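**Q** My questions all concern the structure below.
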Amino acid sequence: MIKIIDIHDDETSIALKNVRQAIDTIGKNILVIIHGYGSSTNSYKKLNEVRNIGRSRVKKGQISICISGPDLNDPINSAKFDYDELLQLRKFVVNSGVTILKK
């Protein structure tokens, strides 16, 4: 199952708090975080912080993957998802403003 949270319009501190909470409750789900990708400082900072949280959780072993939408085009990354999951994620493949996390 895919769980989507949209933090695009949230303040950075609130958005990051929501991301941390969502990761803690991810279970066997895939978490898609929509944070936007823009030239504004706030959007760029939010993107970097979300990806840093994801990479940190991968290092800790809490999740197994943290990628952007376009990273799904890489066979190494797409192999970590089953066929049904990839079908549901296909709408995010061209979106750099999302981060995809999986346990």
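The values are calculated or read from the model by the stated rules, or taken from the named source; none is laboratory data. For clarity, every value in this text was computed on a predicted model and none was experimentally measured. Here the Cβ positions follow ideal geometry from the backbone for every residue, glycine too, while neighbour counts run over all protein chains shown. Only protein heavy atoms, including side chains, enter the accessible area calculation; ligands, DNA and RNA are left aside. Shrake-Rupley method; radii C 1.70, N 1.55, O 1.52, S 1.80 Å.
**Q** Which of the residues belonging to the stretch 51-77 are open to solvent by 30 Å² or more (accessible area, probe 1.4 Å), farther than 14 Å from residue 33 by Cβ and in contact with a helix residue (DSSP H, G or I) (Cβ under 8 Å, 6 or more places away or on another chain)?
**A** 62, 64
**Q** Among the numbered criteria (1) modelled with pLDDT of 95 or more; (2) more than 11 Å from the chain's Cα centre (by Cα); (3) among the hydrophobic types (A, V, I, L, M, F, W, C), which single criterion is violated by residue 1?
**A** Of (1) modelled with pLDDT of 95 or more; (2) more than 11 Å from the chain's Cα centre (by Cα); (3) among the hydrophobic types (A, V, I, L, M, F, W, C), only one is false for residue 1: (1).
**Q** For the subset of the stretch 4-46 comprising residues that are under 18 Å from residue 94 (Cα atoms) and at pLDDT below 90, which member is surrounded by the most Cβ atoms within 10 Å (Cβ to Cβ)?
**A** So, considering only residues that are under 18 Å from residue 94 (Cα atoms) and at pLDDT below 90, the one surrounded by the most Cβ atoms within 10 Å (Cβ to Cβ) is 35.
**Q** Being part of a loop (DSSP other than H, G, I, E, B), free of Cβ contacts under 8 Å to residues at least 40 places away in the same chain and on the phi < 0 side of the Ramachandran plot: is that true of residue 71 here?
**A** no
**Q** Here is a further query. Starting from residues that are within 24 Å of residue 60 (Cα to Cα) and without any contact (Cβ under 8 Å) to a residue 24 or more places away in the chain, keep the ones in the stretch 78-103 and report whichever is most open to solvent (accessible area, probe 1.4 Å).
**A** Among those that are within 24 Å of residue 60 (Cα to Cα) and without any contact (Cβ under 8 Å) to a residue 24 or more places away in the chain, it is 80.
**Q** Then there is this: Return the residue satisfying two criteria in turn: it lies in the stretch 1-40 and is of a type in the set (Ser, Thr, Tyr) and in contact with a Lys or Arg (Cβ under 9 Å, 6 or more places away or on another chain), and of such residues it is farthest from residue 51 (Cα to Cα).
**A** Among residues in the stretch 1-40 that are of a type in the set (Ser, Thr, Tyr) and in contact with a Lys or Arg (Cβ under 9 Å, 6 or more places away or on another chain), the one farthest from residue 51 (Cα to Cα) is 25.
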